[in-house]
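Remarks on the structure that follows.
Each reported figure results from applying straightforward, stated rules to the coordinates on display, with no laboratory input. What you see is a predicted model, and the numbers here were worked out from it, not measured in a lab. Methodologically, a virtual Cβ is constructed for each residue, glycine included, from the backbone with ideal geometry; neighbour enumeration extends over all protein chains shown.
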Amino acid sequence: MTRAGTYPAPAKLNLMLRVIGRRADGYHLLQSVFRFIDYGDTLTVRVRDDGVIARERELPGVAAEADLTVRAARLLQAVTGSRLGCDLGLEKRLPMGAGLGGGSSDAATVLLALNDLWGTGLPRGALQALGLQLGADVPVFLYGRTAWAEGVGEVLTPLDLPPAWYVVLTPPVSVPTREIFADSELTRDSIPLKIRGFSAGGAENSQNTLMPVVCRRYPVVAEWLALLEACVTPGTARMTGSGSAIFAAFDAEIEARQVLAALGLQGFVAKGLDRHPLYGLVADLD
């Protein structure tokens with residue numbers, strides 16, 4: 001039996017994000033396109049025989065009870081009845097409050113890793129249902145493919161996209177998601193798109209309707225967006241999630257690296273992924 005492993009938790013980009021309505025329970029209805037990139041956090045997971053779930057080190061500002069990696073492990077343990085535990089080591093590279101899905105990706109990676117290490121054998125669909133209990137972005141990391149998303153982000157359809165490299169800028173500000181969705185000026189009635197509408201391209205089909213609210217509340221995001229926008233085709237630089245990270249796509253790695261170097265701003269270059277690095281770790285059985 002495998003007792004330990006080191007696992008990637010990649011970031012995601014929202015290539016499009018539209019708020020198209022609101023449910024009676026207050027949750028917002030969305031349309032989005034999720035794409036993984038080859039940059040993110042790393043988790044080390046070690047099996048324990050005593051059933052204890054513990055972090056190897058503290059995550060500044062995040063108590064164990066609120067840590068999505070701990071909550072994910074405890075949820076899988078409770079649902080499956082596993083008597084095993086684990087030590088969780090997290091190498092954090094993705095900033096919090098950046099819209100890159102760091103916490104959600106970490107939680108999904110824990111579910112994928114422990115489902116394998118503990119031998120609980122849940123199929124992908126069951127893991128996605130567990131992930132939704134942890135957060136709306138967790139299911140897509142368990143789905144494991146570039147996806148068109150609807151509902152609150154959990155209704156997923158596979159999407160094929162051309163290869164791309166991305167410059168991702170990470171302004172020095174953490175944006176609380178709830179604050180943005182609660183803003184009275186947020187557009188909540190965007191006209192829904194069809195998948196073919198997004199695929200047809202055009203800046204109007206790649207909007208992030210949260211971006212104007214974030215730019216108004218956090219001027220540094222607007223400033224960095226304008227700087228990136230000056231380096232690309234107008235309308236093609238945008239924000240991911242509820243911010244604060246912003247990005248633009250390029251055909252070649254060298255071009256992306258030249259732009260990042262010229263800007264001299266905090267960020268990184270990453271390649272778009274068609275599938276999550278751990279996609280093959282779980283069976284597609286429902």
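What the table shows:
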| read-out | value |
| --- | --- |
| Dipole magnitude of the chain about its Cα centre (Cβ charges: Lys, Arg +1; Asp, Glu -1), debye to nearest 20 | 180 debye |
| Residue among Asn14, Ala226, Leu156 farthest towards the positive dipole end of the chain, charges placed on Cβ | Leu156 |
| Residue exposure sequence - Met239, Met211 - by fewest surrounding Cβ within 10 Å | Met211, Met239 |
| Relative packing of peptides 230-236, 107-113, 91-97 - highest average C-beta neighbours within 10 Å first | 107-113, 91-97, 230-236 |
| Rounded to 10°, Cα long-axis angle of helix 102-117 versus longest principal axis of the chain | 30 degrees |
| Helix 219-229 vs. the chain, principal-axis angle (Cα, 0 to 90°, nearest 10) | 70 degrees |
| Inter-label distance for Arg23 and Lys271, nm, one decimal - labels placed 7 Å from Cα along Cα-to-Cβ | 3.7 nm |
| Karplus (6.51, -1.76, 1.60) ³J(HN,Hα), θ = phi - 60°, over segment 131-147, in Hz, Gly and Pro reported as x | x, 5, 5, 8, x, 5, 8, 5, x, 5, 5, 7, 4, x, 9, 3, 9 |
| Highest to lowest packing among 220-226, 137-143, scored as the average C-beta count within 10 Å | 137-143, 220-226 |
| Whole-number percent relative contact order across the chain, with pairs defined as alpha carbons under 8 Å at least 6 apart | 25 percent |
| Amide hydrogen neighbours beyond the local backbone of His276, cut-off 5 Å, H modeled | Arg145 |
| Residue order, fewest to most surrounding Cβ atoms within 10 angstrom, among Leu114, Leu263 | Leu263, Leu114 |
| Whole-Å distance, taken between Cα centres, linking segment 35-52 and segment 130-183 | 19 Å |
| ³J(HN,Hα) computed for each position of segment 84-92 - Karplus, 6.51 cos²θ - 1.76 cosθ + 1.60, integer Hz, glycine/proline x | 7, x, 6, 9, 10, x, 10, 9, 8 |
| Amide H partners (placed H, <5 Å) of Ala98, local residues excluded | Val175, Ser244 |
| J(HN,Hα) series, segment 179-194, from Karplus relation 6.51 cos²θ - 1.76 cosθ + 1.60, nearest Hz, glycine and proline x | 4, 6, 5, 8, 5, 5, 8, 5, 6, 10, 10, 4, 5, x, 9, 8 |
| Cβ-based exposure ranking for Ile37, Ile195, Ile246, in which fewest neighbours within 10 Å come first | Ile195, Ile37, Ile246 |
